[in-house]
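What follows is one structure encoded as structure tokens, with my remarks underneath.
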Amino acid sequence: MDTSELRSLYDFDGPVVTVYASTDHARENAARLYDLRWTDILADLEGQGVGPATRDALLAERGDSHYRESGTRVVVAVGEGGSAHVPFARWLPGRSDVDVVAVGPLPHLLPLLDWADGRIPHVIALVDRRGVDVLAYTDGPLPAGGVSQDTTRPPWHKAHTGGWAQRRYESRVEEHWKHGAKDDADRIVRAAHDIAAEVVILAGEPKELSLVREKLPVEVATRVVVVEGSRARDGSDDHLAGRVMDVLAEQRTRRTASLLAEFEQYRRRATSLVGAASGTVPRSLGSVSAAGVGHQEGSGVTDRSGGPRSGDRIALDAADGPRATVAALRLAQVSDLLLAEGIPAGAPAWIGPDLSEVALDPADLPAVAHPIRAGRVDALIRAALGTGAAVHSVPADVPESPTERVGALLRYTLSTPG
């Protein structure tokens with residue numbers, strides 16, 4: 001998802017209202033139920049002191065209640081009175097039973113970013129002896145691109161003609177299959193490259209699948225997952241869709257696990273290095289200015305144990321805990337912000353005019369005359385998007401999760417006293 005549009009939401013002064021409202025097209029009276037959701041939302045906002053102009057602006061952008069698929073409408077309104085307007089409104093696939101209504105100095109973007117982080121760019125290709133259907137998906141419910149083409153010249157099947165020409169006939173058919181498979185593979189590769197696909201899902205006739213996979217270059221072949229399905233319109237579309245969703249869920253789980261494994265590796269190495277430098281092993285990496293993987297800098301002098309001597313400086317490549325992460329965000333050092341589930345809703349942070357100005361204590365922003373108090377999650381996301389960092393939601397109930405549910409991987413290292 002292009003986050004430049006989201007960064008622009010921080011250009012506005014005044015209160016911000018963020019609404020996530022769901023509809024389920026399959027339910028009876030779906031349009032009426034969606035209208036009732038908005039009635040409750042507007043009443044809630046009125047109770048929170050949101051003015052009529054802002055409420056009217058939100059209502060005008062609630063979207064068509066006859067949305068053809070189950071989805072969630074995201075609407076962000078900024079300003080008050082005559083300046084109230086909606087700079088962002090979008091339908092997301094999927095729905096929730098709980099609406100989200102947030103009022104504060106910053107937009108509440110975590111659900112949107114969590115959805116975007118789960119959108120795995122992928123290609124679906126269905127092959128048979130005749131040709132291939134290729135669909136490429138990025139961050140929307142509809143394909144970003146696609147092609148359906150019969151690439152194999154007839155005849156497509158071997159026939160028992162008999163006689164001395166039988167073998168020659170079969171060889172010609174097999175050559176047609178191979179050429180068709182090469183053309184199919186080329187179309188799959190182009191689609192995968194166009195969207196930087198993380199996974200390529202193949203389905204179709206087993207023999208043709210085998211030929212196509214042989215023609216794929218290594219960088220694409222390593223991303224292939226084969227599922228059951230066919231080009232035929234035989235009622236198996238629902239089964240195929242279910243298998244695709246399973247593959248994407250597994251891919252996201254692996255991606256999150258890999259991210260946390262990298263973070264944990266850095267954290268363990270930092271524990272060793274920081275502890276060796278001080279002569280002790282710190283109880284919490286949140287106690288150092290930026291905890292994570294470290295490597296010794298400077299003279300390279302070590303004690304007999306092989307660790308850095310006290311007074312040396314250690315370069316760190318990850319931040320663990322809110323304080324270390326906030327410090328790294330102020331330096332535009334974060335490449336990936338990790339937010340685990342369960343950060344207290346009332347946890348505060350302070351921000352300044354610059355997107356990177358964020359702190360857990362207003363005293364840490366001495367150059368800001370009047371720091372603004374904001375929700376911690378929203379403030380961290382603002383600093384991350386403002387400095388080009390990705391935002392990831394991660395589970396909180398695994399050992400690799402960051403301390404106090406906040407951590408980061410860093411794009412460059414800074415040294416900290418050992």
- Might you check whether a residue that is outside any helix (DSSP H, G or I), of a type in the set (Lys, Arg) and either surrounded by fewer than 20 Cβ atoms within 10 Å (Cβ to Cβ) or out of contact with any Leu (no Cβ under 6 Å at 6 or more places or on another chain) (or both) occurs anywhere in segment 387-409? no
- Pull up segment 350-386, narrow it to residues that are closer than 19 Å to Asp114 by Cβ and without any contact (Cβ under 8 Å) to a residue 60 or more places away in the chain, then point me to the one that is surrounded by the fewest Cβ atoms within 10 Å (Cβ to Cβ). Arg376
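Output the residues belonging to segment 339-371 that are of a type in the set (D, E, K, R) and at pLDDT below 95. Give the steps one after another, and end with the answer.
Just the residues of segment 339-371 that are of a type in the set (D, E, K, R), to begin with: 341, 354, 357, 361, 364.
The answer is Glu341, and nothing else.
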- Query: What about Ala408, is it under 27 Å from Asp11 (Cβ atoms) and in contact (Cβ under 8 Å) with a residue 60 or more places away in the chain?
  - Reply: yes
- segment 86-108 - residue that is in contact (Cβ under 8 Å) with a residue 40 or more places away in the chain and of a type in the set (Val, Ile, Thr) and, of those, most open to solvent (accessible area, probe 1.4 Å): Val103
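Name the single residue, out of those in segment 303-338 being among the charged types (D, E, K, R), part of a strand (DSSP E or B) and over 18 Å from Gly388 (Cα atoms), that is modelled with the lowest pLDDT.
Residues of segment 303-338 that are among the charged types (D, E, K, R), as a first pass: 303-304, 309, 312-313, 317, 320, 323, 330, 336.
Checking the rest, the ones that are also part of a strand (DSSP E or B) come to 313, 317, 320, 336.
Next, from what is left, pick out any that are over 18 Å from Gly388 (Cα atoms): 313, 320.
Details: Arg313: 41, Asp320: 94.
Taking the candidates together, the pick is Arg313.
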- Hey, among the residues in segment 118-151 that are acidic (Asp, Glu) and touching a helix residue (DSSP H, G or I) at 6+ places or on another chain (Cβ under 8 Å), which one's farthest from Glu208 (Cα to Cα)? Asp139
- Message: Testing Thr39 on (1) at pLDDT 95 or above; (2) surrounded by 12 or more Cβ atoms within 10 Å (Cβ to Cβ), one condition comes back false. Which one is that?
- Response: (2)
- Item | Qualifying residues in segment 92-142 (those that are in a loop (DSSP other than H, G, I, E, B) and small (Gly, Ala, Ser)) - the one farthest from Leu216 (Cα to Cα) | Ser96
- When you go through (1) open to solvent by 20 Å² or more (accessible area, probe 1.4 Å); (2) within 23 Å of the chain's Cα centre (by Cα) one by one for Arg213, which number turns out not to apply? (2)
- Query: Residue check: is Thr138 within 22 Å of the chain's Cα centre (by Cα), modelled with pLDDT of 80 or more and surrounded by fewer than 14 Cβ atoms within 10 Å (Cβ to Cβ)?
  - Reply: no
- Filter result (surrounded by fewer than 18 Cβ atoms within 10 Å (Cβ to Cβ) and in contact with a strand residue (DSSP E or B) (Cβ under 9 Å, 6 or more places away or on another chain)) within segment 68-85: Glu69, Ser70, His85
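Please pick out the residue among Gly49, Gly63, Gly14 that is on the phi > 0 side of the Ramachandran plot, exposed (fewer than 12 other Cβ atoms within 10 Å of the Cβ) and either outside any helix (DSSP H, G or I) or free of Cβ contacts under 8 Å to residues at least 12 places away in the same chain (or both). Spell out the reasoning first.
Working: Gly63 fails: exposed (fewer than 12 other Cβ atoms within 10 Å of the Cβ); Gly14 fails: exposed (fewer than 12 other Cβ atoms within 10 Å of the Cβ).
Answer to the selection: Gly49.
The values are calculated or read from the model by the stated rules, or taken from the named source; none is laboratory data. Bear in mind that the values here come from a model prediction, so they are computed numbers and not experimental data. For neighbour counting, all protein chains shown are included, and Cβ atoms are generated from backbone atoms with ideal geometry for every residue, glycine included. Surface areas here come from the heavy atoms of the whole protein model, side chains and all, with no ligands, DNA or RNA. Shrake-Rupley method; radii C 1.70, N 1.55, O 1.52, S 1.80 Å.
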